[in-house]
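Here the structure is laid out as structure tokens; the discussion comes afterwards.
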Amino acid sequence: MPNLILPLLLVLMLVFMFFQFRKQKKQMNETMEMQAGLTVGTKVMTSTGLYGTVVGLGEDTVDLEIAPGITTTWVRRAIAKILTPEELGAPSIETITDDEGHIDLDKRSEDR
């Protein structure tokens, strides 16, 4: 019985490592697809936490406008994620509509 413990532990460790590797590879592929699919006008966040809007695309680079008239160049690998309207702080459609589904301009101005 003691002779079976070591091989069993090794097998369990290999299975765990296999699933970890698959998960990491999947995340890496998703990130690479996101970076390859960037388009002008997309709002993004870099890996350092800088927010910007894509204004130009090169083969391996991305030009980001980080403030009106201020553009910086980054490598595509530095783009961590594409921002959603919720992450940008834009009011959602639920917060600016009334009970009947019509846009309530008074609510919209309060959210800003």
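Structure above, values below:
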| read-out | value |
| --- | --- |
| N3-D63 pseudo-label distance in nm [points 7 Å out on the Cα-to-Cβ vector] | 7.1 |
| Å³ per residue enclosed by the Cα convex hull of the range 15-76 | 85 |
| Potential extension, E87-L14 segment - 0.36 nm per residue separation minus Cα distance | 22.4 nm |
| DSSP-loop GluC sites (Glu not before Pro) across the range 11-91, with at most 14 other Cβ within 10 angstrom | E59 |
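Rule-based calculations on the coordinates, nothing more; no lab input. Remember, predicted model here, so these are calculated numbers, not experimental data. Neighbour counts run over all protein chains shown; Cβ positions are idealised from the backbone, glycine included.
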